[in-house]
Amino acid sequence: MAQLDTRQKLEILADAAKYDASCASSGSVKRDSRGGKGIGSTDQGMGICHAYAPDGRCISLLKILLTNSCVFDCHYCINRKSSNVRRARFTTDEVVQLTLAFYRRNYIEGLFLSSGIIRSSNYTMEQIVEVARSLREDHDFRGYIHLKTIPDADPELVHRAGAHADRVSINVELPTRAGLERLAPEKDAGRIEGAMAGMKRDIVDAGDATRRYKSAPRFAPAGQSTQMIVGADAATDRDIVTRAAGLYGKFDLRRVYYSAFSPIPDASAVLPLKRPPLMREHRLYQSDWLMRFYDYTPGEVAAAADDATGMMPLDIDPKLAWALKFRDRFPVDVNRAPREALLRVPGLGTRAVDRILAARRWRRLALADIGRLTASVAKVRPFLIASDWKPVALADKDDLRADLRPLVAPKAKQMELFG
Amino acid sequence: MRIVTLEAEDDFDGWRDAVRGLVLDQVPPDQMVWQVGEDDPGELFAGEMPVVPVDRGAFSVPRGFIDLARSAILHADRQRFALLHTLLDRVLREPGLMEDQADPLVRKIEGMAKAVRRDIHKMRAFVRFREARDDGGTRYIAWFEPEHHIVRANAGFFVDRFATMRWSILTPELSIHWDGKRLTQGPGASKADAPEGDPVEVVWKTYYASIFNPARVKIGAMLKEMPRKYWKNMPETALVPELIAGAQAREQVMVATARAKTGDNVEAAWAALRDEAMHCRRCDLYKHATQTVFGEGPIDADLVFVGEQPGDQEDLAGKPFVGPAGQVFDRALAEAGIDRARVYVSNAVKHFKFELRGKRRIHSKPDAGEITACRWWIEQELALLKPRVTVALGATAARSLFGKTVTISRERGRPHDLPEIGEAWITVHPSFLLRLPDEEARHAEFAKFVHDLKAVANRLDR
């Protein structure tokens with residue numbers, strides 16, 4: 001094989017990395033490069049998206065694989081052993097230089113490095129750790145680093161990864177164990193969860209130590225995340241929400257990413273040909289949001305799904321679906337209701353709710369006031385009582401869903417160019 | 001009328017000093033003219049004396065107001081100084097106003113502050129440095145056009161991040177320079193003052209094109225966060241039109257190659273699919289049924305029959321079409337000249353649904369939800385087998401394949417073209433023949449059933 005230059009390798013190894021949805025650079029500690037020898041800074045809060053691709057995804061990090069050669073044969077993966085893709089491998093120094101060159105030009109927040117498994121899990125993990133070590137120690141790089149850990153790598157290596165990285169992650173890949181067995185026969189749900197449990201311990205321990213003495217060594221201050229593929233196995237939305245809730249609970253995950261399975265070049269015959277609608281992925285993120293920011297229990301979110309099929313409606317969001325199913329909880333009085341009740345109103349976000357709570361300490365709110373606090377008063381109106389408003393007509397109708405849809409559901413618009 | 005001249009567009013301290021004096025003097029906000037620098041002579045009111053800020057006492061304002069004013073003052077709107085003065089005037093008279101985000105003026109100024117924060121964030125995101133050489137060595141230079149007066153407020157971010165680099169950010173209003181130790185300010189610049197290119201940009205564009213997934217185009221989502229107004233100074237955006245144009249073609253090629261692939265691991269794929277189906281809980285029917293009854297037959301079959309659901313005997317045996325209806329089906333196939341060993345048989349619903357009457361399990365029709373839930377499996381089976389013809393036996397199977405209620409009497413006896421599935425036929429379910437009470441009708445319907453099967457067989461002989 002002819003030698004590939006860095007740019008050709010980048011073409012192959014970025015292409016191979018794009019099925020990982022995460023590109024987040026958020027939630028780490030505050031760092032800057034003043035007084036150092038290198039460059040880079042991070043924020044405690046939100047990350048920065050330096051560009052957006054036409055797939056609507058944020059480009060925050062240089063997201064690449066060290067190599068796309070792999071000894072595993074996971075059917076959903078473009079890099080599986082039996083795939084016909086071109087193979088390439090970066091040297092650790094090439095990744096370091098590329099990261100720094102991009103960072104200096106303000107293209108990226110940092111690096112998200114993953115890899116196919118070559119030789120052994122430990123060998124691969126060592127290479128990944130070496131990139132992070134060189135960036136941190138040789139170049140005093142203080143930007144964001146996200147490392148994917150390898151399922152069966154030695155815990156000591158994973159620990160070293162966490163010492164350099166802001167975030168570590170390992171993908172559960174599929175929502176069901178049966179799905180994982182079918183599509184990733186060499187992977188094992190138990191071992192993956194074991195690795196997540198190990199990382200959780202390291203994260204918690206390091207957090208405790210940091211609280212006691214400031215100079216304690218850090219371990220992945222931006223926590224750990226995971227990803228599952230939607231639509232490649234038989235899991236329903238209800239299954240997926242339940243699994244995600246279990247993962248959040250067990251492993252203190254910062255994020256669970258959902259990636260609608262999409263066709264890949266040279267696909268395996270085991271894989272479904274038809275991809276799920278991208279809207280399904282969107283609805284799952286909304287469900288996730290309800291659990292993390294709106295105090296819905298996993299059971300409540302699952303109740304928004306259709307009883308028979310276990311699937312979330314695609315035409316309306318899960319919060320609205322829940323409200324239409326439990327309409328006895330509405331209307332809610334904006335001048336009296338507690339925070340929890342206001343958070344349930346479709347169309348009221350957390351910020352709008354906080355503003356309502358602050359404003360109503362000083363005066364009674366009318367519908368026009370709510371209109372100024374939300375994007376669409378037409379959407380929230382059927383669920384609210386304000387000083388000059390009561391939604392009498394709607395609450396009594398039998399088929400509230402049918403009546404309300406045209407009122408509250410967003411107008412049909414083209415979400416995907418090529419549905 | 002009184003005039004205040006501020007030093008610069010983002011002169012918050014100047015505004016604060018001036019407005020403090022105005023409040024103490026009880027000057028009404030509508031009696032004020034605010035201007036910046038020498039550019040705006042305010043000719044209408046020429047001759048008025050500017051207010052000289054003096055320290056004649058103090059009053060306190062809520063913290064929230066200061067924070068809001070610090071951001072909003074950077075807004076491009078020329079009314080901002082006056083609007084903030086009006087708001088301050090009201091804040092001092094109306095306690096709690098700052099917490100009333102439903103107040104139109106608070107809302108308006110919050111909106112301005114939000115626009116400023118967004119502009120600050122987008123500048124951090126979309127500034128693109130190009131490498132250049134000057135007397136001091138390497139210098140990274142960017143040209144950027146912010147919407148609001150944010151450049152100085154944002155300088156700290158770039159110093160924190162690129163402390164050991166020498167860099168300059170040029171904008172139409174002013175430019176800022178960092179030499180590794182000191183931040184200095186210069187006059188406004190033009191795009192021509194910045195370097196024309198950078199050899200690394202082509203590598204960056206390669207990355208941008210490669211990280212894009214053509215199977216999921218969401219242009220609206222991209223434009224919402226990366227509006228076109230920023231594009232002209234971002235090298236990678238030049239690729240967007242061609243990436244979008246090529247996306248559909250690339251995805252179609254991927255799907256077509258996947259479809260064209262035959263043989264190799266279809267057998268393994270089918271076995272894996274069946275194993276996964278054994279654990280299916282997509283609907284509640286698994287709770288009472290004995291087991292999943294998956295499809296059966298040669299993987300390379302040209303003809304696939306889809307029935308309704310396993311019956312009592314199928315549920316126990318774990319095989320489709322082994323009960324009484326299966327026997328009628330076998331007889332009809334033989335009469336139509338179709339080799340039973342060469343067809344693949346499956347069901348629209350894979351678990352037995354029944355009601356208990358005493359000790360007997362009586363077949364119960366699956367509902368629309370159960371059919372939809374189970375459709376996933378039949379779609380996967382058909383995608384793997386890619387038969388030339390698929391036959392729906394009865395209303396449930398037709399509903400599953402066609403995705404809607406179908407009248408069998410109207411649609412039977414002719415081919416239908418289904419997206420994803422291809423050629424599909426509809427006929428009755430053999431159990432329908434068993435239920436007919438009248439012997440004569442049973443004979444007639446059986447003949448019609450065989451007639452349909454022969455028509456299907458003819459399609460395969462072509």
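Looking at A:Arg182, is it crowded, with 20+ Cβ neighbours inside 10 Å, under 30 Å from B:Glu379 (Cα atoms) and among the basic types (Lys, Arg)? Here the answer is yes, as A:Arg182 does meet what is asked.
Whether a residue is of a type in the set (S, T, N, Q), in contact with a Phe, Trp or Tyr (Cβ under 7 Å, 6 or more places away or on another chain) and either surrounded by 21 or more Cβ atoms within 10 Å (Cβ to Cβ) or assigned by TED's automatic domain parsing to the domain that holds B:Leu434 (or both) was assessed, and B:Gln313 does not pass this test.
The condition of being part of a loop (DSSP other than H, G, I, E, B), of a type in the set (Val, Ile, Thr) and within 17 Å of the chain's Cα centre (by Cα) holds for only one of A:Ile78, A:Ile48, that being A:Ile48. Within the range B:181-201, is there a residue that is farther than 19 Å from B:Asp119 by Cα, under 37 Å from the mean Cα position of the chain (by Cα), within 10 Å of chain A (Cβ to nearest Cβ) and assigned to a helix (DSSP H, G or I)? Yes, because at least one residue in the range B:181-201 is farther than 19 Å from B:Asp119 by Cα, under 37 Å from the mean Cα position of the chain (by Cα), within 10 Å of chain A (Cβ to nearest Cβ) and assigned to a helix (DSSP H, G or I).
Residue by residue, here is whether (1) crowded, with 20+ Cβ neighbours inside 10 Å; (2) at pLDDT below 95; (3) acidic (Asp, Glu); (4) under 29 Å from B:Asp302 (Cβ atoms) holds:
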position	(1), (2), (3), (4)
B:Phe352	yes, no, no, yes
B:Arg357	no, yes, no, no
B:Arg360	no, yes, no, no
B:His363	no, yes, no, no
B:Gly369	no, yes, no, no
B:Gln380	yes, yes, no, yes
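So, of the residues in the range B:150-170 that are in a loop (DSSP other than H, G, I, E, B), more than 34 Å from the chain's Cα centre (by Cα) and in contact (Cβ under 8 Å) with a residue 24 or more places away in the chain, which turns out to be farthest from the other protein chains (Cβ to nearest Cβ)? Quick ask: steps written out before the conclusion?
Applying the first criterion (in a loop (DSSP other than H, G, I, E, B)) to the range B:150-170 yields B:150, B:162-166.
Then drop every residue that is not more than 34 Å from the chain's Cα centre (by Cα), which leaves B:163-166.
Now restrict to residues that are in contact (Cβ under 8 Å) with a residue 24 or more places away in the chain: B:165-166.
Numbers: B:Met165: 6, B:Arg166: 11 Å.
The qualifying residue farthest from the other protein chains (Cβ to nearest Cβ) is B:Arg166.
Evaluation of B:Ala373 against the conditions (1) of a type in the set (Gly, Ala, Ser); (2) farther than 25 Å from A:Asp306 by Cα; (3) modelled with pLDDT under 95; (4) surrounded by 15 or more Cβ atoms within 10 Å (Cβ to Cβ) shows that the sole unmet condition is (2).
Taking helices (runs of 4 or more DSSP H) that fall entirely within the range A:135-240, which contain at least 2 residues that are under 28 Å from A:Gln286 (Cα atoms), touching a helix residue (DSSP H, G or I) at 6+ places or on another chain (Cβ under 6 Å) and at pLDDT below 90? Let's see the steps before the verdict.
Details: elements: A:155-164, A:177-183, A:189-212.
By residue number, A:177-183.
Within the range A:335-373, being surrounded by fewer than 22 Cβ atoms within 10 Å (Cβ to Cβ) and under 14 Å from B:Pro104 (Cα atoms) holds for A:Ala366, A:Leu367, A:Ala368, A:Gly371, A:Arg372.
Quick check on the range A:106-114. Is at least one of its residues assigned to a loop (DSSP other than H, G, I, E, B) and either at pLDDT below 95 or facing chain B (nearest Cβ under 8 Å) (or both)? If you could, list the steps in order and put the result at the bottom.
Start the filter on the range A:106-114 by keeping residues that are assigned to a loop (DSSP other than H, G, I, E, B), which leaves A:106-109.
From what is left, the residues that are either at pLDDT below 95 or facing chain B (nearest Cβ under 8 Å) (or both) are A:106-107.
There is at least one residue in the range A:106-114 that is assigned to a loop (DSSP other than H, G, I, E, B) and either at pLDDT below 95 or facing chain B (nearest Cβ under 8 Å) (or both).
Each residue in the range A:7-59 was checked for being more than 23 Å from B:Val159 (Cβ to Cβ), within 7 Å of chain B (Cβ to nearest Cβ), crowded, with 18+ Cβ neighbours inside 10 Å and not hydrophobic (A, V, I, L, M, F, W, C), and 7 pass. Annotation: of all residues in the range A:241-264 being assigned to a loop (DSSP other than H, G, I, E, B) and in contact with a Ser or Thr (Cβ under 7 Å, 6 or more places away or on another chain), the one that is nearest to A:Ala184 (Cα to Cα) is A:Leu253.
Can you tell me which residue in the range B:94-109 is modelled with the highest pLDDT, limited to those that are among the charged types (D, E, K, R) and in a helix (DSSP H, G or I)? So, considering only residues that are among the charged types (D, E, K, R) and in a helix (DSSP H, G or I), the one modelled with the highest pLDDT is B:Lys108.
Screening A:Gly194, A:Gly246, A:Gly223, A:Gly207 for residues that are away from chain B (no Cβ under 14 Å), surrounded by fewer than 22 Cβ atoms within 10 Å (Cβ to Cβ), in contact (Cβ under 8 Å) with a residue 60 or more places away in the chain and not β-branched (Val, Ile, Thr) leaves exactly one candidate, A:Gly223.
Taking the conditions exactly as written (closer than 30 Å to B:His149 by Cβ, in contact with a strand residue (DSSP E or B) (Cβ under 7 Å, 6 or more places away or on another chain) and exposed (fewer than 15 other Cβ atoms within 10 Å of the Cβ)), does B:Leu174 satisfy them or not? For B:Leu174, the condition - closer than 30 Å to B:His149 by Cβ, in contact with a strand residue (DSSP E or B) (Cβ under 7 Å, 6 or more places away or on another chain) and exposed (fewer than 15 other Cβ atoms within 10 Å of the Cβ) - is not met. Against the condition away from every other protein chain (no Cβ under 12 Å) and of a type in the set (Ser, Thr, Tyr), how does A:Thr67 come out, does it pass? So A:Thr67 fits the description; yes.
What do you reckon, is B:Trp204 in a helix (DSSP H, G or I), touching an Asp or Glu at 6+ places or on another chain (Cβ under 8 Å) and outside the structural domain of B:Ile141 (by TED's automatic domain parsing)? Considered against the rule, which asks whether it is in a helix (DSSP H, G or I), touching an Asp or Glu at 6+ places or on another chain (Cβ under 8 Å) and outside the structural domain of B:Ile141 (by TED's automatic domain parsing), B:Trp204 comes out as yes.
Could you please give the count of residues in the range A:333-347 that are outside any helix (DSSP H, G or I), out of contact with any strand residue (DSSP E or B) (no Cβ under 6 Å at 6 or more places or on another chain) and either farther than 17 Å from A:Val301 by Cβ or among the small types (Gly, Ala, Ser) (or both)? Don't jump to the end; show me each part of the working.
Residues of the range A:333-347 outside any helix (DSSP H, G or I): A:333-338, A:344-347.
After this cut, where a residue has to be out of contact with any strand residue (DSSP E or B) (no Cβ under 6 Å at 6 or more places or on another chain) as well, the list is A:335-338, A:344, A:346-347.
Those still in the list that are either farther than 17 Å from A:Val301 by Cβ or among the small types (Gly, Ala, Ser) (or both) too: A:335-338, A:347.
Number satisfying all stated conditions: 5.
Taking the stated definitions as given, is B:Ala238 in the same structural domain as B:Arg139 (by TED's automatic domain parsing) and more than 22 Å from the chain's Cα centre (by Cα)? When the stated conditions are applied, B:Ala238 does not pass them.
Pairing each residue of the range B:121-145 that is within 11 Å of chain A (Cβ to nearest Cβ) and over 17 Å from B:Gly188 (Cα atoms) with any residue that is in a loop (DSSP other than H, G, I, E, B) and acidic (Asp, Glu), provided the two are 6+ apart or on different chains, yields C-beta distances under 6 Å for B:Arg130/B:Asp198; B:Glu131/B:Asp198.
Of the helices (runs of 4 or more DSSP H) contained entirely in the range B:235-348, those carrying at least 1 residues that are within 14 Å of another protein chain (Cβ to nearest Cβ) fall at B:240-260, B:266-277.
Within the range A:165-174, can one find any residue that is over 19 Å from the mean Cα position of the chain (by Cα) and either within 29 Å of B:Trp204 (Cα to Cα) or not assigned by TED's automatic domain parsing to the domain that holds A:Tyr76 (or both)? No, the range A:165-174 has no match at all.
The number of residues in the range B:204-245 that are of a type outside the set (A, V, I, L, M, F, W, C), closer than 17 Å to B:His121 by Cβ and touching a strand residue (DSSP E or B) at 6+ places or on another chain (Cβ under 9 Å) comes to 3.
The values are calculated or read from the model by the stated rules, or taken from the named source; none is laboratory data. Note that the coordinates shown come from a computational prediction; the quantities given were computed from them, not determined experimentally. Note: ideal-geometry Cβ built from the backbone for every residue, glycine included; neighbour counts use all protein chains shown.
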